[in-house]
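Input: a single structure, listed below in structure tokens.
The values are calculated or read from the model by the stated rules, or taken from the named source; none is laboratory data. Computed from a predicted model, the values in this text were never measured in an experiment. Methodologically, a virtual Cβ is constructed for each residue, glycine included, from the backbone with ideal geometry; neighbour enumeration extends over all protein chains shown. Keep in mind that these areas ignore ligands, DNA and RNA; they rest on the heavy atoms of the full protein, side chains included. Shrake-Rupley method; radii C 1.70, N 1.55, O 1.52, S 1.80 Å.
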Amino acid sequence: MTLSSFSSHELDFIDDDEFHEECGVVGIWTTQDAASLTALGLHALQHRGQEASGIVTYDGNQFHTHRGLGLVGEVFDDPRVIASLPGGMGIGHNRYATTGETQLRNVQPLYGDFEFGGFAVAHNGNLTNAQLLKQSLVRRGCLFQSSTDSEVFIHLIAISLYSNVIDRFIDAIKQVQGAYSLVALSKDMLIAARDPLGVRPLILGKLPYSQDENSWVVASETCALSSMGADFVRDIEPGEVIIIDHDGVRSIHPFADNTSSRFCIFEYVYFARPDSVIENKSVYMARKKIGAELAKESHIEADVVVPVPDSGVPAAIGYAEASNIPFELGIIRSHYIGRTFIEPTDQIRNLGVKLKHATNRAVINGKRVILIDDSIVRGTTSKKIVEMVRAAGATEVHLRIASPPTQHSCFYGIDTPAEEKLLAHTHSIDEMCKLIGADSLGFVSADGLYRALQEDKRNNQNPQYCDACFTGDYPIPLTDHDMQLVKSK
Ligand code: SF4
């Protein structure tokens, strides 16, 4: 299907024309009320997954679980739900379904009763050999309850021949390939782990107000710490396993030398919350610097710089500062549109009602506009927005993108379409520009992106980040994909 063959209905309501965040995880080790703290942390991580949420706690005697479909505020809206999750240790998860359909049985944390007692696990990322492992586990008699790749961890731990929980956990993570930031809870300990390349984020924090000095939090991003008043301690390292128990915090590195950071560069571009700090870098400042690099690389004379909200805003501020062109909020985004809004009648559709974005004519009319967005996926949204800006009176519309062209799919936990559905996979930049209907189109280069992240440039022999969706250089084997065990979207 070409862009021009999309109907206005499709252009207004196709909402899969953007990357979707993966998942967010939280773990709490304290003396009381882990459920409330976990819910607060999950609330701050809502941007990482909006389809389902769950918490498992342990009260020293037994485990308690509540999981549901919807936003954190919906799943945990009733104080009686939090009251039904007593205990000072807990883990929680926000889900965006990257594997497995959205059904309650797929909502994490996953829980199992083992010979050593209860064990719960929550996973952010995507395993690239989960289907292969699942085939072998099913042959060995394992009964899978869900269709999520994360359940593989539960079965690998269950069948491990090691005697203690930590050795079983390590035995399991050594068999999986892919991206994972994990939190897990047994009756004796909270475990947190990152894959050997540290593709997804995970941080350690401390709860300062607790009466117990030994009170800790692990979370996907530092923004979760602010919501619970916790202090940042440090990033959990690639390949590191952290164990928190009554004796405090211990760190082990089961992958020895086989780790080197290939953190997801797109977390800086789009996924992480702008107030988070990753690897000592403010995500907001990184986005501004990407905008400044973009201005240097693809400067054009114009009257106003306008972000596509919300994710294009910091890059647009950086672009405007670097180019000395005024920044204006020329597009206003409605935050109150659900994914399944009522289908409009033809009459409403023909009125050109745009539900998600509206133009602010006062700052666009008669102007040469530079539009800043974070990425182009299928291109349908970009085309719609360029049309809207022109309709609001812009004399020229120049689209600038704060990432290199997205030519490849992500297999590490970000929901992207199959390659052939990515506009940049099938079209040159000139062709994309024509299809989108902009006067010009420019992307920041890979080196520009790396410069914004305080690197000289991309080290092509040993890249500092995962950037596979731009370069096709996948740092972790795509076993299931190569064996055709996973279907393309
Ligand atoms: S492929 Fe892209 S989105 Fe996926 S982990 Fe790598 S950089 Fe991030």
Rounded to the nearest 0.05, what FRET efficiency is calculated for His299 and Val233 with R0 set to 45 Å and r the Cβ-Cβ distance? 0.60
Explain nothing, just compute: Karplus ³J(HN,Hα) = 6.51 cos²θ - 1.76 cosθ + 1.60, θ = phi - 60°, for every residue of region 396-409 in order, whole Hz, x for Gly and Pro. 9, 10, 10, 9, 10, 10, 7, 7, x, x, 7, 9, 9, 7
About the Cα centre, charge dipole magnitude for region 282-455 (Lys/Arg +1, Asp/Glu -1 at Cβ), debye: 480 debye
Could you tell me the calculated FRET efficiency between Leu132 and Asp171, based on Cβ-Cβ distance and R0 = 22 angstrom, to the nearest 0.05? 0.80
Specify the angular offset, from 0 to 90 degrees and rounded to the nearest 10, of the alpha carbon long axis of helix 313-323 from the longest principal axis of the alpha carbons in the chain. 50 degrees
Sum of side-chain charges, Ala35 neighbourhood, beta-carbon under 15 Å (Lys, Arg +1; Asp, Glu -1): -2
Under the 0.36 nm per residue contour assumption, what length would be gained going from the current alpha-carbon distance of Ala418 and Ile159 to full extension? 89.8 nm
Accessible surface of Asp247 - all protein chains present, 1.4 Å probe, nearest 10 Å²: 150 Å²
At most 15 other Cβ within 10 Å, DSSP loop - GluC sites (Glu not before Pro), region 129-224: Glu213
If you bin every alpha carbon distance in region 266-307 into 5 Å steps from zero, what whole percent lands in each bin? 6, 21, 26, 20, 14, 10, 3, 0
Over 21 Å [Cα-Cα, region 40-166], rounded percent: 42 percent
Can you pull the Rg over Rh of region 23-261, Cα-only, Kirkwood? 0.93
Tell me, what HN-Hα J-couplings in whole Hz come from the Karplus equation 6.51 cos²θ - 1.76 cosθ + 1.60 at θ = phi - 60° for each residue of region 181-197, using x for Gly and Pro? 10, 10, 10, 9, 9, 10, 6, 10, 7, 9, 10, 10, 8, 10, 5, x, 9
Using the Kirkwood radius built from alpha carbon pairs, what does the Stokes-Einstein equation give as D for the chain at 37 °C and 0.692 mPa s, in µm² per second? 140 µm²/s
Relative to 2.2 N^0.38 Å, what does the C-alpha radius of gyration of region 282-455 come to as a ratio? Two decimals please. 1.03
Please state, rounded to one decimal and in Å, the Kirkwood hydrodynamic radius that region 404-489 gives when every pair of distinct Cα atoms enters the mean of 1/r. 14.5 Å
Top to bottom by accessible area (1.4 Å), largest first, where do Asp439, Asp235, Asp480 land? Asp439, Asp235, Asp480
Extension reserve of the Asn324-His253 stretch, reckoned as 0.36 nm per residue once the Cα distance is removed: 20.8 nm
Using a 1.4 Å probe on heavy atoms of the protein chains only, the accessible area for Phe116 in Å², nearest 10, reads 40 Å²
Which value, in Å² rounded to 10, gives the accessible area of Asp231 with a 1.4 Å probe and all protein chains present? 80 Å²
Rounded to the nearest 500 deg cm²/dmol, what is the calculated helix-only ellipticity per residue at 222 nm for the chain, with -39500 (n - 2.57) per DSSP H run of length n ≥ 4? -7000 deg cm²/dmol
Rounded to a whole %, the carbon-and-sulfur portion of the accessible area of the chain at a 1.4 Å probe is 50 percent
Of Thr406, Thr31, which has the most accessible area and how do the rest follow, probe 1.4 Å? Thr31, Thr406
Measuring from the longest principal axis of the C-alpha atoms of the chain, the long axis of helix 380-391 (C-alpha) lies at a number of degrees, nearest 10, equal to 40 degrees
Which value in nm describes the separation of the simple spin-label points at His246 and Asp78, placed 7 Å from the Cα toward the beta carbon? 3.5 nm
In degrees, nearest 10, the alpha-carbon axis of helix 130-139 is tilted away from the dominant principal axis of the alpha carbons of the chain by 40 degrees
Most to least accessible of Tyr474, Tyr450, Tyr162 (protein chains only, probe 1.4 Å): Tyr162, Tyr474, Tyr450
Simple Cβ-charge dipole of the chain, Lys/Arg +1 and Asp/Glu -1, about Cα centre, in debye nearest 20: 520 debye
Beyond a 21 Å Cα-Cα separation, which of these cross-linked pairs lie in this structure: Lys281/Lys421; Lys421/Lys457; Lys356/Lys383; Lys384/Lys421; Lys206/Lys288? Lys281/Lys421; Lys421/Lys457; Lys206/Lys288
Can you give the translational diffusion coefficient of region 104-186 in µm²/s, computed by Stokes-Einstein from the Kirkwood radius over Cα pairs at 25 °C and 0.890 mPa s? 193 µm²/s
